Amino acid sequence: MSRGVAKIPVAPRPRPAEPAKSRGTAMRILAAAELLVQTRGFNGFSYADIAAQLQITTAALHYHFATKADLGEALIADYSQNFSKTLARLDADHTQPADKLVGYSDVYLEVLRAERMCLCGMLAAEYQTLPEPMQHAVVQFFDANETWLEQVLEQGQREGTLHLYGPARDIARMIIGGLEGAMMVARACGDVRRFQDAASRLIGGLTVARGG
């Protein structure tokens, strides 16, 4: 019986890079969807809304993001990545923990001034209606923020510039909850100063007077 010839495995062909135009369309879709989520909520828009705004077909939307759930996951990933970069810049630009906390609250303030809400804050309000992968991604976003804030708070406690009246993790959660809630109230009242006053008291209550 003759022996068969051994087959040499062939490496799979590399996938061609996505054309720049296609990547550009995906970025435009994400930007449009982010604005809609930040102003209407995830359940407040459809693919037809994005298609009309960008003057593309819904088929083009489905090409880039097969389902709205896929789009939602991509949105959170993109938003979380950009937020992480912002936190890294705060670390690079400020040495004092109190200044980092002020910078953190200012991130929310600028979003509010643009007549938007925190994307993950809006999604948290709709949490029960979101697909499970999006739910997990929203929780991960807040976990990452809590971890960063906890580190800042612990640094301030070590250096004697912040006074913590409880565990750093609990205070980190209080800061996020306070800022997110203050955004909602300020938006409902159409008064950005409400947010500024709340954020100032929230952060100021942790700061030890310098020289005191």
Residues of the range 126-153 with amide N under 12 Å of a point placed 7 Å along Cα→Cβ from His94
149, 152-153
Please compute the alpha carbon radius of gyration of the range 68-204, then divide it by the globular-protein estimate 2.2 N^0.38 Å. Two decimals is fine.
1.06
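Suppose only helical runs count, i.e. DSSP H with n ≥ 4. What mean residue ellipticity at 222 nm does that imply for the chain under -39500 (n - 2.57) per run, divided by all residues and rounded to the nearest 500 deg cm²/dmol? List each step's numbers first, then the result.
On the way: 9 runs with 149 residues, N = 212.
Theoretical 222 nm ellipticity from helices: -23500 deg cm²/dmol.
Which FRET efficiency value, to the nearest 0.05, do you get for Arg28 and Glu132 by plugging their Cβ-Cβ distance into 1/(1 + (r/R0)^6) with R0 = 30 Å? Please list the in-between numbers first.
Numbers: r = 28 Å, r/R0 = 0.92.
About 0.65, to the nearest 0.05.
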Quick one: divide the alpha-carbon radius of gyration of the range 159-212 by 2.2 N^0.38 Å and tell me what you get.
1.29
For a Förster distance of 25 Å, can you work out the FRET efficiency between the beta-carbons of Ser200 and Ala125, rounded to the nearest 0.05?
0.55
Would you grab the residues whose amide H sits under 5 Å from the one on Leu162? Only those 5+ places off in sequence or on another chain, please, with H modelled 1.01 Å from N.
Gln157, Val208
Extension gain (nm, one decimal) between Thr86 and Asp143, 0.36 nm per residue minus Cα-Cα:
18.9 nm
Rg/Rh for the range 68-148 to two decimals, with Rh computed the Kirkwood way over all alpha-carbon pairs.
1.00
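Given 0.36 nm per residue, what is the gain on full extension from Thr57 to Met184 after removing their alpha carbon distance, in nm? Spell out each step's value before the answer.
Values: separation 127, 0.36 × 127 = 45.72 nm, distance 3.36 nm.
The Thr57-Met184 span can extend by a further 42.4 nm.
Taking 0.36 nm per residue of sequence separation and subtracting the Cα-Cα distance, how much length would be gained by fully extending the chain between Val111 and Thr67, in nm to one decimal? Could you put the intermediate results ahead of the total?
On the way: separation 44, 0.36 × 44 = 15.84 nm, distance 2.72 nm.
Here the answer is 13.1 nm.
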Expressed as a rounded percentage, what relative contact order does the range 87-212 have, with Cα pairs under 8 Å and six or more residues apart?
30
Any idea what the relative contact order of the chain is, in percent, if you count C-alpha pairs under 8 Å spaced at least 6 apart?
20
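Read-outs throughout are calculated quantities, based only on the coordinates presented, and are distinct from any laboratory measurement. Small disclaimer: the values here were computed from a predicted structure and weren't measured. Glycine gets a Cβ as well: all are built from the backbone with ideal geometry, and neighbour counts include every protein chain shown.
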